[in-house]
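Here's the structure, in structure tokens; my notes come after.
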Amino acid sequence: MSPVVLADSGTATKIFVLDTNVLMHDPSALFRFQEHHVYLPMTVLEELDNAKLGVSEVARNVRQTNRFIDELLTAQKEVVIEAGLQLNKFTVAEEPYRCSGRLFFQTEAHDDDLPKALPGNKNDNSILNTIIALKDQVRDHEIILISKDINLRIKATILGIRTEDYANDRVVDDLDLLFSGSCQLAGDFWETHGKQIESWQEEGKAYYEVARLSDEEWYPNQFVYIDSDFEAIVRRRNETGFLIEVCQNYYGQRHSVWGITARNREQNFALNLLMDPEIDFVTLSGSAGTGKTLLALAAGLTQTLDQGLYKEIIMTRVTIPIGEDIGFLPGTEEEKMTPWMGALMDNMEVLTGSDQKDSWEQAATNDLLRNRIKIRSLNFMRGRTFQNKYIIIDEAQNLTPKQMKTLVTRSGTGTKIVCLGNLKQIDTPYLTETTSGMTYVVDRFKHWEHSGHITLMNVERSRLADYASEML
């Protein structure tokens, strides 16, 4: 192992050894360790080289990592590799990285005769052997392995190597801290704050101007409620207070949306967001059976076919199977996506009332809806612009923050995007509740006046589904 030069760095400076999956997940991880150093084993560079081909998100991230390293090498041609590349010499216009450490590479093979060396040529073992040799050489600095691979972290811990998960992409420390979209007010709210509230009616709507409360932090389009007596939405906030508007009532059949009525408070909140043309981006989270897809489709059909606000509905989702993959599917893009859109088909049967129509009427209805509802694959979204469309992104919890950004930035004038997902059911490898793209957008959009989020709580599918969601 060649010597690692750590000049002008105190003993508090740490060396973080990055596993390949960290860079596959976030290429900017190289610049996320502030004053500490980053070390890349040769095995990691080899794995990056093997994964650089293709059009997947992982392949794109690998290519970006390679470009970062190449630009660092190009910018510091005179540097001695053993002395490390200065990470603070690299800047990106979009995001300035504040780091003062160095990037080191493994330049010699590790010693196979190390006392704790693992046998075989497995890549994980090679990385661990490299760290063992590095610890033997650099004794004044703590060495930490950063990996998203749980098994590798377990093996490292057994060998006495400190290890951590990559947490820089974590939006919140715990899912319970994520913005829920609603806030319950105290039962004595009116009595306590009555003198700080002004009320009036305008165009049939009731408004309240509430002075800023020291213990409240409300966001635009957040819902506030008092038990079953009062439901309102925050329309505006400023330095002096909040403007709140009493919610539209979607409970009764007289106020139904494409025949669908709200069965609980959160569903009523969701319909208020979905039916508001001033809200361009809506996120609905909740467990299976809470009505996310049904509400989104009902609102989309009403605003597309009845009100003419949108030209068509576009529905898409990430194609990750629960069990074994069944292989390639024949047909066009829409035909290939059809098996993944079972939720769409199930909810369309409810919305069109298939069991109450004869075959001719049902066929005519299906033809009409098929012309206005398009199924598209995420794989072909890059570079497109959607004008006056109502876009539903199903299973959004399986998207990475970068994929979510790619999709949301496809929206053009007059387009509304609705993201649906259950953060308890994530199938994407190395993605968790706190790092999901859906968690990312919920947190980043909560300050924007043209977006809204609500977490659906109650399962309305059936008593069996309700019991299963609680007990299983």
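Descriptive notes on the structure:
- Test: residue in region 153-173 that is under 24 Å from G286 (Cα atoms) and in a strand (DSSP E or B): no
- Of residues in region 174-196 being part of a loop (DSSP other than H, G, I, E, B) and closer than 23 Å to G452 by Cβ, the one farthest from the chain's Cα centre (by Cα): L185
- Answer from S411, S436, S451 - the residue that is over 23 Å from W218 (Cβ atoms) and over 13 Å from the mean Cα position of the chain (by Cα): S411
- Members of region 197-254 found to be over 17 Å from L185 (Cα atoms) and part of a loop (DSSP other than H, G, I, E, B), listed by number: E203, G204, N238, E239, T240, Q248, N249, Y250, Y251, G252
- Checking T91 against (1) among the polar types (S, T, N, Q); (2) closer than 25 Å to N398 by Cα; (3) modelled with pLDDT under 70, the condition it does not meet: (2)
One line per residue, one yes/no per condition, for (1) touching an Asp or Glu at 6+ places or on another chain (Cβ under 9 Å); (2) at positive phi; (3) modelled with pLDDT of 95 or more:
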residue: E239; (1), (2), (3): no, no, no
residue: L243; (1), (2), (3): yes, no, no
residue: C247; (1), (2), (3): yes, no, yes
residue: H255; (1), (2), (3): no, no, no
residue: G259; (1), (2), (3): no, yes, no
residue: R263; (1), (2), (3): yes, no, no
residue: F269; (1), (2), (3): yes, no, yes
residue: L273; (1), (2), (3): no, no, yes
residue: D280; (1), (2), (3): no, no, yes
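- Restricting region 216-230 to residues that are under 23 Å from the mean Cα position of the chain (by Cα) and among the aromatic types (F, W, Y), the residue that is modelled with the lowest pLDDT: W218
- Every pair of residues 6+ apart whose Cβ atoms lie under 8 Å, when the first sits in region 118-130 and is over 18 Å from I15 (Cβ atoms) and without any contact (Cβ under 8 Å) to a residue 60 or more places away in the chain while the second is part of a helix (DSSP H, G or I) and among the aromatic types (F, W, Y): none
- Which numbered condition L284 fails, given (1) more than 30 Å from H193 (Cα to Cα); (2) modelled with pLDDT under 95: (2)
- Single residue of region 380-407 satisfying the filter (touching an Asp or Glu at 6+ places or on another chain (Cβ under 9 Å) and either outside the structural domain of D427 (by TED's automatic domain parsing) or not in a helix (DSSP H, G or I) (or both)) that is nearest to L431 (Cα to Cα): T400
- Matching residues in region 215-249 - criterion: being over 14 Å from I454 (Cα atoms) and either polar (S, T, N, Q) or not assigned by TED's automatic domain parsing to the domain that holds G181 (or both): S228, N238, T240, Q248, N249
- Condition check for I144 on (1) part of a strand (DSSP E or B); (2) closer than 30 Å to G286 by Cα: one failure, at (2).
- Output for region 275-288, where each listed residue is assigned to a loop (DSSP other than H, G, I, E, B) and within 21 Å of the chain's Cα centre (by Cα): I279, D280, S287, A288
- Looking across region 138-192, the residues that are of a type in the set (A, V, I, L, M), out of contact with any strand residue (DSSP E or B) (no Cβ under 6 Å at 6 or more places or on another chain) and either closer than 30 Å to D229 by Cα or surrounded by fewer than 14 Cβ atoms within 10 Å (Cβ to Cβ) (or both) come down to I150, I154, I158, A167, L175, L177, L178, A186.
- For G412, the criteria (1) touching a residue at least 60 places away in the same chain (Cβ under 8 Å); (2) under 20 Å from L274 (Cα atoms) hold in every case but one, which is (1).
- Qualifying residue in region 370-385 (condition: aliphatic (A, V, I, L, M), within 16 Å of L309 (Cα to Cα) and at pLDDT below 90): yes
- Residue count, region 36-57 (criterion: at pLDDT below 90 and either over 25 Å from the mean Cα position of the chain (by Cα) or β-branched (V, I, T) (or both)): 1
- Test result for V22, in contact (Cβ under 8 Å) with a residue 24 or more places away in the chain and over 26 Å from the mean Cα position of the chain (by Cα): no
- Top-ranked residue of region 427-453 - restricted to ones that are of a type in the set (V, I, T) and more than 22 Å from L295 (Cβ to Cβ), ranked as surrounded by the fewest Cβ atoms within 10 Å (Cβ to Cβ): T432
The values are calculated or read from the model by the stated rules, or taken from the named source; none is laboratory data. Keep in mind that what you see is a predicted model, and the values were worked out from it rather than measured. Reconstructed Cβ throughout: ideal geometry from the backbone, glycine too, with neighbour counts over all protein chains shown.
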